[in-house]
Structure formats: C-alpha cells, structure tokens
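The structure appears below as structure tokens.
The values are calculated or read from the model by the stated rules, or taken from the named source; none is laboratory data. Predicted model only: the values in this text are computed from it and were never measured. Cβ sites come from the backbone with ideal geometry, for glycine too, and all protein chains shown count toward neighbours.
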Amino acid sequence: MDEAKRLVELIPRLRRYARALVGERSSADDLVQDTLERAWAKLHLYRRGTDLRAWLFTVMHNVHVNRVRATRSSDPLEEEMPELAQRGTQSDALLVRDLDRAIARLPADQRAVLLLVTLEEMSYEEVARTLGIPIGTVMSRLSRAREKLRAMMLGQSPSAKLKLVK
Amino acid sequence: MNELPVSEADLQAYADGRLPEERRSAVEAWLAARPEEAERVTAYRRLAHEVRAAYETMLSDPVPARLARAASPRPQWRRMAVAAGWVVLGIAIGAPAGWHVRPERTVTQLVPDNAVIARRAAIAHATYSPEVRHPVEVGADDEQHLIAWLSKRVGVKLRAPKLEEAGMSLVGGRLLPGDNGPVAQFMYQSQNGRRLTLYVRTEASRNRETAFRYARENNVGVFYWIDREVGYALASADLSKDELLRLANLVYKKLEP
C-alpha cells in the first residue's frame, strides 16, 4: 500500500497545521491521530491519483469541526481585540509566541483559510475544496484574517517597530 | 488598454504571488499610487513568511509513536473488519461533506457489482469443496507450478497465502471461468476436513479498494474485498462467520506486498 507510506510522509505537515490550528501541541497530535484513523477507515473513498494531501486535510478539517462542536468551545468574538503587550524590544521567540497567540485569536473559519494559504501554500481552489466552501468565501476570509492579524501584530514586527517606538 | 479595477482578491493573490502574470503589472501600478495599500500588502507578505517560520520546527519534530502507529494500516483494518461485516455502508454514509467523491466510487454503488464476486465464489465453493477425489486440478505438492500456471492464466502475480497458523493447509487450486476472464480458486483444508476456498479474479475497473464485506449464499459464508486490480473472496460452508473473518484478516495480511 503506497498510501500508507505517503500517509507517514505527510504526518509532519498535518502536525504543523494542527499545531497552528488548535494552538497546543498535545491536542494537535490528538487531532492528527483522529485524522489518521479516520483516513484509514475512509480510504476506500479516496480517489487514487488525486491529491492525497488535500484529501487528508479535508478529513482533518471534518474531524476538527466535529471535535470543536462536541466540546462546544466557541470562537473568539469578531469584535474582541487582543490586549497584546507592546514591546520595544523583542526576540524571535517572542515574535513566534505573539504570532501564535494572534492566530489563536482569529475566528476558526478565518484561521483555517489563512493557515492553508500561508502554511500549506495551497491554491485558493484547493482551499475551497478542502474546506468545502466557495472560492469567494475563501478570499473574503483570507482578507479578513490577514487584516486582523496585521492589526494584532502591529508593533510586533521589526519593520513596524521603528515607527511605533518613540 | 482598459484595465479592470483592482479588487481585494487581487491584492490577496498578489501578496501570495498567485496573481496571473498579465494582471500583475496592473496591480503594481495601482499600488505605486497608493503607498498605504502597498504597505498593507507588504505586511501580508511579511506575515506569511513569519507564520511559516513560526511553525517550521514542527516539520522536523520527531513524529510521536502513537501517530506513526495510527498511520499504519494494519490495526485499523483489523478493528474495522472486526467491528462488523457490513461496516462499510455506515462509513460511506458519513463521507466528508466537502469532498466530492465521484458517484461510481461510492460504496452503495459498488455493492451490486461486488456482490457478484461473492456469489461466484460461493457457487464455486459449493461445486468443488465437496469433491473427494478431485477437489483441485493441481495439488499443493506442485505448488510452484500451480502458482505459475494460475498467475499466467489469470494475468496477475498470484500467491497462495500460508494459513497453517490458522490450522488450514493448501490442498491445491484450479482455474475457473469468470466474468472478466479466468479466475483462480485455491482450496484449503483443516485437519478435521473443513474446507475453505480463496477465489481470486482481476477487477475490470482498476484502482479501487474496499474494506471487507460479508455475504451469505445458501450455506456458504463469504468475506470479499478488492485490493487494487484484484478481487478476493474467501468462502466456506464449514466455518462460522467469526472464524471466516479471522481467516480473511490473515489472508489479507499474508497477501500484503
């Protein structure tokens, strides 16, 4: 079974996306594990020759949505703005932490789109298919996610810092 | 030349480097006249880069054993098969909504087609397993010849799995006429004379894969499945469904490349 081999090869990418999506390592790995198990159970629905990665991310998306629904964890409110500390100095580690937090504050729908586009570097068509949404929705969620992230990270990025630090 | 107005989607695509060549210069000209928008797009690019950098370590992080296990087929197959013979239909109903599966690949449509293999295997089992003097055409004592001959006629490289650990030894095999060409039948027998046949044929439509399914034709129980271009059906009138399932799992395992 070459699918088995490719599944194994794709684990690091699934973990990376899951980690950014759920914001915490062990629950990210739980999500990956559920995804892999479900993928095996549904492998007969996978069309050979098509993109296994996209299919896996679809499976993961569905597993994730079901889990979120089951635990009734809610998205942050659209209006909610972060109270991120404004720092004059920072290291890369702090930037990563702040970015991770800012991503976690995005509404889940927008977060998924942003991560598939930036992290997985999927085409907009692939994202639309993976999440089962129209491409127009992909574009609007991407736009909103980016603008929120930019607003949250303003003052955190080195080039913006020069302007903000007095 | 008339240029289309630059949309927000254009800007996103431009930030991602996904804008078609012919559109790029229009967007660049538009941005050149709007420094604030240009800065916004630059920020998006920088953020994308930072997001990738932030999670890059996950790609080289050692994969936990539990995930490596979850990615290997065997336990899932077994668990799935043990869960129920009819398990597949239930799974098919829960198909991911966002993924478009071609109609001909859905399990519900596969059933009538696949049920044919179960019926053929059951008939072949019922025909030859009661034979005392001529249960097979070529005996297991000439296994090499048996395999080479059947492989050549069926058109795929066949193997007769060893089932000694389940108390079944190979009696031999025979060639049968099938819907898509010649079919191979291997016969096994336990010490107390219970018989099992493995019916192997090539599948007309390739690249399919199914989980185990169970069917019963008169007294003959059949577990059948498709693995790529080969369809298998394991039949017996002498074994319980559970015993047959255990053997189907064993056969499947032994046939793994």
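In the list A:A102, A:A54, which residue meets the criterion of being over 25 Å from A:M153 (Cβ atoms), surrounded by 18 or more Cβ atoms within 10 Å (Cβ to Cβ) and modelled with pLDDT of 85 or more? Before the answer, list the steps.
Working: A:A102 fails: over 25 Å from A:M153 (Cβ atoms).
Just one listed residue meets the conditions, A:A54.
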For the subset of segment A:1-21 comprising residues that are without any contact (Cβ under 8 Å) to a residue 40 or more places away in the chain and at the interface with chain B (Cβ under 8 Å from one of its Cβ atoms), which member is farthest from A:V127 (Cα to Cα)?
A:M1
Checklist (1) buried (at least 20 other Cβ atoms within 10 Å of the Cβ); (2) in contact with a helix residue (DSSP H, G or I) (Cβ under 6 Å, 6 or more places away or on another chain); (3) of a type in the set (K, R) applied to B:K157, failing item:
(1)
Taking segment B:46-66 and keeping residues over 16 Å from A:L14 (Cα atoms) and surrounded by 14 or more Cβ atoms within 10 Å (Cβ to Cβ) leaves B:R46, B:L47, B:A48, B:E50
What is the number of the single condition among (1) crowded, with 16+ Cβ neighbours inside 10 Å; (2) touching a Phe, Trp or Tyr at 6+ places or on another chain (Cβ under 9 Å); (3) of a type in the set (G, A, S) that B:S169 does not meet?
(1)
Just name the residue that is surrounded by the most Cβ atoms within 10 Å (Cβ to Cβ) out of those in segment A:22-37 that are touching a residue at least 24 places away in the same chain (Cβ under 8 Å) and at the interface with chain B (Cβ under 10 Å from one of its Cβ atoms).
A:V32
Being hydrophobic (A, V, I, L, M, F, W, C), touching a strand residue (DSSP E or B) at 6+ places or on another chain (Cβ under 9 Å), crowded, with 18+ Cβ neighbours inside 10 Å and assigned to a helix (DSSP H, G or I) narrows B:L245, B:L239, B:L234 down to just B:L245
B:Y188 vs. criteria in a strand (DSSP E or B), over 24 Å from B:I147 (Cβ atoms) and in the same structural domain as B:I123 (by TED's automatic domain parsing)
no
Is it true that B:G221 is surrounded by fewer than 16 Cβ atoms within 10 Å (Cβ to Cβ) and either assigned to a strand (DSSP E or B) or of a type outside the set (F, W, Y) (or both)?
no
Test: residue in segment A:81-93 that is outside the structural domain of A:K5 (by TED's automatic domain parsing) and modelled with pLDDT of 80 or more:
no
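Sort through A:A18, A:A4 and tell me the only one that's at pLDDT below 85 and not assigned by TED's automatic domain parsing to the domain that holds A:T137.
That would be A:A4, the only listed residue that is at pLDDT below 85 and not assigned by TED's automatic domain parsing to the domain that holds A:T137.
Matching residues to (1) hydrophobic (A, V, I, L, M, F, W, C); (2) touching a residue at least 24 places away in the same chain (Cβ under 8 Å):
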residue: B:A13; (1), (2): yes, no
residue: B:A32; (1), (2): yes, no
residue: B:E37; (1), (2): no, yes
residue: B:Y55; (1), (2): no, no
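So if I check each of B:V6, B:V27, which one is in a loop (DSSP other than H, G, I, E, B), more than 9 Å from chain A (Cβ to nearest Cβ), modelled with pLDDT of 75 or more and farther than 30 Å from B:I226 by Cβ? Before the answer, list the steps.
Details: B:V27 fails: in a loop (DSSP other than H, G, I, E, B).
Sole residue among the options that is in a loop (DSSP other than H, G, I, E, B), more than 9 Å from chain A (Cβ to nearest Cβ), modelled with pLDDT of 75 or more and farther than 30 Å from B:I226 by Cβ: B:V6.
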